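The values are calculated or read from the model by the stated rules, or taken from the named source; none is laboratory data. Model, not experiment: these values are computed from the prediction. For neighbour counting, all protein chains shown are included, and Cβ atoms are generated from backbone atoms with ideal geometry for every residue, glycine included.
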Ligand code: 5GP
């Protein structure tokens, strides 16, 4: 099997539940690993270094990019986010499945670098529901929420470019479907 097939991208608009779906799937299937990204954004309450992200200054992030340590990166709502190379390459070479939970521009870059990676676009049940979810986090200003909604509308247009789409209406069902998709793809 082509090693790219061990790489899975889960993308979709911010607030559609990407992280929660992946986390729920891993409770039952912990052998599926998840990549920890680097970011220049501030740590949110409840997050931890090396668990949610590797937090760093913009300067430190840019140094890593210069050093060739970042596979793909993007600027999102004023902050830098990127996938460290070491989170991906060793794992897929060893036949361990690794998931990147990233936004759509990064997903497009991964598609170019790893043409056989499985890319899944996660859709919220509706745009209204997405806005409710962003608001209920209570961590963002109104301006940031409106920024994320505008981005989300543009992002949803890219869904047809993915290997598959998945609607996050029921968390447990969606998490199990994600797992099945991964296993089916790796069989084929
Ligand atoms: P948040 O600030 O909500 O944690 O993340 C904002 C967006 O950045 C989310 O859509 C998240 O999936 C995305 N993101 C997180 N890490 C990466 C990464 O390494 N690369 C890219 N391209 N996007 C990322």
> under 30 Å from residue 45 (Cα atoms) and at pLDDT 95 or above - does that describe any residue in the stretch 139-153?
Replying inline: no
> Cβ-Cβ below 7 Å, separation at least six or inter-chain, first residue in the stretch 13-29 and over 23 Å from residue 144 (Cβ atoms), second more than 12 Å from the ligand (Cβ to nearest atom) and not in a helix (DSSP H, G or I): which pairs?
Replying inline: 25/32; 26/32
> Which helices (runs of 4 or more DSSP H) does the stretch 1-94 wholly contain that include 3 or more residues that are under 29 Å from residue 153 (Cα atoms)?
Replying inline: 18-28, 58-66
> away from the ligand (no atom under 15 Å from the Cβ) and touching a strand residue (DSSP E or B) at 6+ places or on another chain (Cβ under 6 Å), is that true of residue 32?
Replying inline: no
> With respect to residue 68, is the statement that it is more than 13 Å from the chain's Cα centre (by Cα) and more than 18 Å from residue 36 (Cα to Cα) true?
Replying inline: no
> Is it true that some residue in the stretch 56-71 is more than 7 Å from the ligand (Cβ to nearest atom), within 30 Å of residue 1 (Cα to Cα) and free of Cβ contacts under 8 Å to residues at least 12 places away in the same chain?
Replying inline: no
>> Being under 12 Å from residue 16 (Cα atoms) and without any contact (Cβ under 8 Å) to a residue 60 or more places away in the chain is the filter here; which residues of the stretch 136-152 pass it?
In response: 149
>> Residues that are near the ligand (Cβ under 9 Å from one of its atoms) and outside any helix (DSSP H, G or I): does the stretch 102-123 have at least one?
In response: yes
>> What pairs come out if I take residues in the stretch 164-181 that are at pLDDT below 95 and pair them with residues that are exposed (fewer than 15 other Cβ atoms within 10 Å of the Cβ) and part of a helix (DSSP H, G or I) whose C-beta lies under 8 Å away, six or more apart or interchain?
In response: none
> Out of (1) more than 25 Å from residue 162 (Cα to Cα); (2) more than 9 Å from the ligand (Cβ to nearest atom), the odd one out for residue 41 is which?
Replying inline: (2)
> In the stretch 159-188, which residues are within 16 Å of residue 101 (Cα to Cα) and outside any helix (DSSP H, G or I)?
Replying inline: 162, 163, 164, 165, 166, 167, 168
>> Give me the residue from the stretch 102-130 that is free of Cβ contacts under 8 Å to residues at least 24 places away in the same chain and over 26 Å from residue 187 (Cα atoms) and, out of that set, surrounded by the fewest Cβ atoms within 10 Å (Cβ to Cβ).
In response: 128
> Quick check: anything in the stretch 84-98 within 11 Å of the ligand (Cβ to nearest atom) and within 23 Å of residue 186 (Cβ to Cβ)?
Replying inline: yes
